[in-house]
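To start, the structure itself, in structure tokens.
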Amino acid sequence: MKALIDKLCETHTLTKEEWILLIKGRTPRLAEYLFSLARKERHKYYGHDIYVRGLIEFTNYCKNDCLYCGIRRSNRNVHRYRLTRDEILSCCHTGYELGFRTFVLQGGEDGYFSDERMTDIIYSIRKAYPDCAITLSIGEKSYDSYKTFFEAGADRYLLRHETYNSGHYGRLHPASLSAHDRQKCLWNLKEIGYQVGTGFMVGSPYQTAEHLAEDMLFIKELNPHMAGIGPFIPHQNTPFRNEAAGTLELTLFMLGLLRLMLPKVLLPSTTALGTIDPKGRELGILAGANVVMPNLSPDTVRKDYSLYDNKLCTGEEAAECRKSLELRMQAIGYQIITARGDSLNV
Ligand code: 5AD
């Protein structure tokens with residue numbers, strides 16, 4: 001197994017069979033070895049810097065009914081909200097003062113935010129914050145919509161592929177959605193010129209080592225600027241309420257593998273990782289991650305953007321959230337920096 005990690009470190013790729021062997025054959029000792037190599041790679045390109053992105057969850061309305069997601073359409077227990085353009089701009093203002101130079105507009109697939117409304121919002125942020133990156137995370141759209149947003153000033157787009165395998169995808173999503181359409185969106189985004197982030201959930205229901213191997217091969221082929229992964233966490237008002245959560249251990253292992261496969265990729269240590277373990281985000285950084293994405297949404301709506309149970313940071317002000325993260329990162333020898341934090345994986 002150690003030889004496979006060495007091969008990955010040298011050649012940045014493995015065959016499907018090798019990925020499966022390595023994922024199934026992992027041990028705590030092997031993981032420590034992997035993380036030490038992953039940190040070395042990370043330090044080579046990004047040093048001990050940690051990039052931050054201010055996450056603005058601007059709508060929790062969603063037309064989709066993904067089986068794992070807490071804001072799925074058929075969850076009648078969610079208090080639905082939308083932020084206005086001015087509320088979004090005010091989040092950016094708070095964020096800018098706190099040193100954020102990337103704003104991530106994330107939301108459900110909400111028809112209210114037509115291309116026209118989105119363009120207006122993007123353009124307003126672009127005008128007010130010319131030195132900041134604008135990231136969108138609003139799901140599947142047509143090529144033309146993506147292009148319109150890009151031309152209005154959006155730089156980056158996050159769209160997790162969720163799982164590459166179409167059979168597995170079908171068990172996590174309603175019939176109206178397909179793995180193929182999702183992947184097509186990612187290729188379109190790349191073609192238009194966005195810096196693209198993709199990713200998957202670790203330990204989602206029915207996931208096997210073979211599926212994870214396919215996820216790695218897909219990410220290698222797409223060669224995204226960012227790869228976001230986090231454990232699946234059940235939400236009480238979804239059909240997956242009784243499913244087991246993904247583990248810290250497997251998520252960290254996958255983070256280490258991603259760092260060796262794409263040494264220059266941006267790798268967030270996600271909120272979901274911090275939710276399943278109090279030291280999750282620190283451990284993610286120590287496994288090779290180099291990005292954190294704290295919440296800038298107004299604290300009045302935070303609890304309503306509940307994708308999974310016990311999501312972090314729901315009672316904190318943006319500033320407190322930012323400060324506590326900074327201290328946590330310093331405690332393990334890393335520093336949060338004020339910069340756009342563009343990907344070196346181009
Ligand atoms: N557990 C973990 N991650 C989730 N997401 C959605 N629901 C859950 C859940 N129950 C992730 C998806 C989505 C991202 C915004 O949040 O991967 O792409």
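Restricting the first member to region 198-220 and to residues that are at pLDDT below 95 and within 15 Å of the ligand (Cβ to nearest atom), and the second to residues that are open to solvent by less than 10 Å² (accessible area, probe 1.4 Å) and polar (S, T, N, Q), no beta-carbon pair is closer than 7 Å while six or more apart or on different chains. Check whether at least one residue in region 274-289 is within 13 Å of the ligand (Cβ to nearest atom) and at pLDDT below 95, and report yes or no. Scanning region 274-289 turns up at least one residue that is within 13 Å of the ligand (Cβ to nearest atom) and at pLDDT below 95.
Scanning region 295-346 for residues that are on the phi > 0 side of the Ramachandran plot and open to solvent by less than 40 Å² (accessible area, probe 1.4 Å) yields a count of 2.
Among the conditions (1) open to solvent by less than 20 Å² (accessible area, probe 1.4 Å); (2) within 16 Å of the ligand (Cβ to nearest atom); (3) among the aromatic types (Phe, Trp, Tyr), the only one that PHE100 does not satisfy is (2). The requirement of being modelled with pLDDT of 95 or more, open to solvent by 10 Å² or more (accessible area, probe 1.4 Å) and more than 16 Å from the ligand (Cβ to nearest atom) is satisfied by HIS225. Only a single item in (1) open to solvent by 20 Å² or more (accessible area, probe 1.4 Å); (2) of a type in the set (A, V, I, L, M); (3) within 15 Å of ILE50 (Cβ to Cβ) is not met by ILE276, and it is number (3). The single condition among (1) touching a strand residue (DSSP E or B) at 6+ places or on another chain (Cβ under 9 Å); (2) assigned to a helix (DSSP H, G or I); (3) open to solvent by 30 Å² or more (accessible area, probe 1.4 Å) that GLN106 does not meet is (2). Can you find even one residue in region 231-247 that is within 24 Å of TYR46 (Cα to Cα), crowded, with 19+ Cβ neighbours inside 10 Å and not charged (D, E, K, R)? No, region 231-247 has no match at all.
The residues of region 143-188 that are more than 16 Å from the ligand (Cβ to nearest atom) and either open to solvent by less than 30 Å² (accessible area, probe 1.4 Å) or not in a helix (DSSP H, G or I) (or both), listed by number, are SER145, TYR146, PHE149, ALA152, GLY153, ALA154, ASP155, ALA175, SER176, ASN188. Quick check: is even one residue across region 133-141 surrounded by fewer than 21 Cβ atoms within 10 Å (Cβ to Cβ), away from the ligand (no atom under 16 Å from the Cβ) and of a type in the set (Val, Ile, Thr)? Scanning region 133-141, I find no residue that is surrounded by fewer than 21 Cβ atoms within 10 Å (Cβ to Cβ), away from the ligand (no atom under 16 Å from the Cβ) and of a type in the set (Val, Ile, Thr), so the answer is no. Of all residues in region 200-240, those that are touching a His at 6+ places or on another chain (Cβ under 7 Å) and either closer than 15 Å to GLY70 by Cα or part of a strand (DSSP E or B) (or both) total 1. Among the residues of region 194-222, those identified as open to solvent by 30 Å² or more (accessible area, probe 1.4 Å) and over 19 Å from the mean Cα position of the chain (by Cα) are TYR206, THR208, GLU210. Counting only residues that are farther than 11 Å from GLY70 by Cα and either part of a helix (DSSP H, G or I) or among the aliphatic types (A, V, I, L, M) (or both), region 295-313 holds 6 of them.
Taking the conditions exactly as written (within 15 Å of the ligand (Cβ to nearest atom), among the hydrophobic types (A, V, I, L, M, F, W, C) and modelled with pLDDT of 95 or more), does LEU67 satisfy them or not? Give the steps one after another, and end with the answer.
Values: within 15 Å of the ligand (Cβ to nearest atom): yes; among the hydrophobic types (A, V, I, L, M, F, W, C): yes; modelled with pLDDT of 95 or more: yes.
Taking the combined requirement at face value, the residue satisfies it.
Contact annotation: residue pairs with Cβ atoms under 6 Å, 6 or more positions apart or on different chains, pairing a residue in region 291-305 that is more than 21 Å from GLY280 (Cα to Cα) with a partner that is modelled with pLDDT of 90 or more and assigned to a loop (DSSP other than H, G, I, E, B), are VAL301/TYR81; ASP304/ASN60; ASP304/HIS79; ASP304/TYR81.
The values are calculated or read from the model by the stated rules, or taken from the named source; none is laboratory data. Computed from a predicted model, the values in this text were never measured in an experiment. Using ideal geometry, Cβ is built from the backbone for each residue, glycine included, and neighbour counts are taken over all protein chains shown. Quick note on the areas: whole protein, heavy atoms, side chains included, nothing else; ligands and nucleic acids left out. Shrake-Rupley method; radii C 1.70, N 1.55, O 1.52, S 1.80 Å.
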